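S.K.: Before I ask anything, let me first share the structure, which is written out below as structure tokens.
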Amino acid sequence: MNDTLNPVARPDARSLPRTVRDRLPGLLTTARRNLRHYAPVLAMYGVPKLIGFTVFMQLLDSTGEFRRKDPRFGGGAHAWDVLASWDGWWYQRIADHGYDPALVRIPGASGLITLEGNSAAFFPLYPAAMRLVSDGTGLGLYGAGLLVSILASFAAALGIYAVTARFGGRRAGLAAAGLWAVWPGSGTEWSGYSESLYVALAVWACHAVLTDRWLIAGVLTFAAGLSRPTALALVAALTVAALRTLHRRQEDVARPMTAILVAPLGLAGYLLWVGDRMGDLTGYFRLQKGAWAHTFDYGRQTLDVFTSLAVGRTDYLFPCLIEDLIGVLTILLGLLLIPLLIRLRPPSVLTVYTVLTFALVLGSQQIFGNVSRYLLPAFPLFIPLAVRLRTVGLPLLCGLLAVTAVASGSYAGYVLFELGVP
């Protein structure tokens, strides 16, 4: 149709409502300003992450070990299939078929593993997001899962920048975003795993607490509770921060109180739903213990791994030597950084969240090699290191991150997915 006969076919600013037309220049100016401000943050995360991811894929392809493995357990026809194996296989299954919670005994089984694996062990937010994106875009569940993880990883990078910049300024925030790309366990950020989504929710929930936006903090913590069980640390951190706020002031108590009430509902609601469907309110924990040997043991297994590796033994539960050594180094690094974080006198929400995340991970019996990714959500650990890196010139900082990114393709990617169990 001729455009001269159909002026609607070529809208311009004059055809917009007057209120929108008057505001358009200001909106464009704000958009350009935000782009200039946040583009370096996205680049500081995205470039090292892309370097590490490329090295990871190259290492997978060069060894070819994945071609001889079961697609569920680190295998596949192509290198990128590994990204959706292990837990990623379960998440795709949930997105495709939903849940059927049950405690099914393995006939004749005794010892640690006595129950069949069941999808109820995996929290629902990430597979629900996969399904929603798949239905909305036409992507398969694999592509939708990766898209959710990648977009969430950038959202997490922006949140880590925003929180860290409050302590050390823009340069420290940029360094923290870069550290998020190369931290031990970061190989799961661009994969069929829920880490990126959980960290994005957790960091922005903490930021909302820091900026006194309690309702947003409560809703984000609610959502985080539907993503991972370690959201218990975030719920506790928000509760402590809210109670401290209520103790300091008598006005405007409704918003912190509402956040306290809303925050645990996602985590508690899912656990109760699973327990109800199984006919046992402790069903989730029985499933984790009986099917995956994952239970809270107050740190006995962690101590066993440390003492065994210190004398060259690997006779502990679920040994994966190289992956376990990276887990040990990650724990030691975290224990060194926690006192440095406390010295900065951060708000209680960050301290409580970090310490409890560590306590939950170190106090659990599990595949020890997973420690590096289980501790990945402890993003406040980046703050003291980033504050010190702010004195480094930007070219040198980029160079350091680039070199570390190359190494991360191995220690955070290949070792996690192929030499161990992620």
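S.K.: Filter segment 284-326 for residues that are acidic (Asp, Glu), open to solvent by less than 70 Å² (accessible area, probe 1.4 Å) and part of a loop (DSSP other than H, G, I, E, B) and give the result.
M.R.: Matches in segment 284-326: 297 only.
S.K.: Now a separate question. Restricted to segment 137-150, and to residues that are free of Cβ contacts under 8 Å to residues at least 40 places away in the same chain and open to solvent by 50 Å² or more (accessible area, probe 1.4 Å), which residue is nearest to residue 195 (Cα to Cα)?
M.R.: The residue in question is 147.
S.K.: Can you tell me which residues in segment 93-117 are in a helix (DSSP H, G or I) and not charged (D, E, K, R)?
M.R.: Once the filter is applied, which keeps residues that are in a helix (DSSP H, G or I) and not charged (D, E, K, R), segment 93-117 yields 94, 95, 97.
S.K.: Sticking with this structure for a sec: Would a scan of segment 396-410 turn up a residue that is farther than 22 Å from residue 53 by Cβ and assigned to a strand (DSSP E or B)?
M.R.: No - not one qualifying residue is present in segment 396-410.
S.K.: Taking interchain pairs and intrachain pairs at least six residues apart, which have beta carbon atoms under 7 angstrom, with the first residue in segment 298-316 and in contact (Cβ under 8 Å) with a residue 24 or more places away in the chain and the second open to solvent by 70 Å² or more (accessible area, probe 1.4 Å) and hydrophobic (A, V, I, L, M, F, W, C)?
M.R.: Hits for this filter: zero, empty list.
S.K.: Here's something else I'd like to know. For segment 183-201, give me each residue that is in a loop (DSSP other than H, G, I, E, B) and on the phi < 0 side of the Ramachandran plot.
M.R.: Result: 183, 184, 189, 190, 191, 192, 193, 194.
S.K.: Looking only at segment 118-128, decide whether some residue is of a type outside the set (A, V, I, L, M), in a loop (DSSP other than H, G, I, E, B), more than 19 Å from the chain's Cα centre (by Cα) and at pLDDT below 95.
M.R.: Among the residues of segment 118-128, not one is of a type outside the set (A, V, I, L, M), in a loop (DSSP other than H, G, I, E, B), more than 19 Å from the chain's Cα centre (by Cα) and at pLDDT below 95, which makes the answer no.
Every residue, every condition in (1) out of contact with any Ser or Thr (no Cβ under 7 Å at 6 or more places or on another chain); (2) open to solvent by less than 80 Å² (accessible area, probe 1.4 Å), yes or no:
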site	(1), (2)
43	yes, yes
50	yes, no
68	yes, no
76	no, yes
94	no, yes
114	yes, yes
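S.K.: Sticking with this structure for a sec: Does at least one position in segment 202-219 carry a residue that is assigned to a helix (DSSP H, G or I) and without any contact (Cβ under 8 Å) to a residue 24 or more places away in the chain?
M.R.: Yes, that holds for at least one residue.
S.K.: Got at least one residue in segment 257-280 being surrounded by fewer than 18 Cβ atoms within 10 Å (Cβ to Cβ), among the aliphatic types (A, V, I, L, M) and either within 20 Å of residue 371 (Cα to Cα) or modelled with pLDDT under 95 (or both)?
M.R.: no
S.K.: Scan segment 359-375 and tell me whether some residue there is assigned to a helix (DSSP H, G or I), open to solvent by 50 Å² or more (accessible area, probe 1.4 Å) and modelled with pLDDT under 95.
M.R.: No, every residue in segment 359-375 fails to be assigned to a helix (DSSP H, G or I), open to solvent by 50 Å² or more (accessible area, probe 1.4 Å) and modelled with pLDDT under 95.
S.K.: Yes or no: residue 354 in contact (Cβ under 8 Å) with a residue 24 or more places away in the chain, polar (S, T, N, Q) and open to solvent by less than 20 Å² (accessible area, probe 1.4 Å)?
M.R.: yes
S.K.: Scan segment 376-391 residue by residue and report those that are open to solvent by 30 Å² or more (accessible area, probe 1.4 Å) and more than 20 Å from the chain's Cα centre (by Cα).
M.R.: Once the filter is applied, which keeps residues that are open to solvent by 30 Å² or more (accessible area, probe 1.4 Å) and more than 20 Å from the chain's Cα centre (by Cα), segment 376-391 yields 388, 389, 390, 391.
S.K.: Here is a further query. Take residue 219 and decide whether it is open to solvent by 60 Å² or more (accessible area, probe 1.4 Å), under 24 Å from residue 126 (Cβ atoms) and either among the basic types (Lys, Arg) or at pLDDT 95 or above (or both).
M.R.: Against the criterion (open to solvent by 60 Å² or more (accessible area, probe 1.4 Å), under 24 Å from residue 126 (Cβ atoms) and either among the basic types (Lys, Arg) or at pLDDT 95 or above (or both)), residue 219 qualifies.
S.K.: Another question, if that's okay. Of the residues 89, 80, which single one is within 20 Å of residue 291 (Cβ to Cβ), assigned to a helix (DSSP H, G or I) and open to solvent by 40 Å² or more (accessible area, probe 1.4 Å)?
M.R.: 89
S.K.: For segment 241-252, indicate whether the set of residues that are out of contact with any helix residue (DSSP H, G or I) (no Cβ under 8 Å at 6 or more places or on another chain) and basic (Lys, Arg) is non-empty.
M.R.: Checked segment 241-252: at least one residue is out of contact with any helix residue (DSSP H, G or I) (no Cβ under 8 Å at 6 or more places or on another chain) and basic (Lys, Arg).
S.K.: Also: Check segment 333-344 and report whether any residue there is surrounded by fewer than 17 Cβ atoms within 10 Å (Cβ to Cβ), free of Cβ contacts under 8 Å to residues at least 12 places away in the same chain and outside any helix (DSSP H, G or I).
M.R.: no
The values are calculated or read from the model by the stated rules, or taken from the named source; none is laboratory data. Bear in mind the structure is a predicted one, so any value in this text is a computation, not a measurement. Don't worry about glycine lacking a Cβ; one is built from the backbone with ideal geometry, like all the others, and counts go over all protein chains shown. Please note that ligands, DNA and RNA were not included when accessible areas were found on the heavy atoms of the full protein model with its side chains. Shrake-Rupley method; radii C 1.70, N 1.55, O 1.52, S 1.80 Å.
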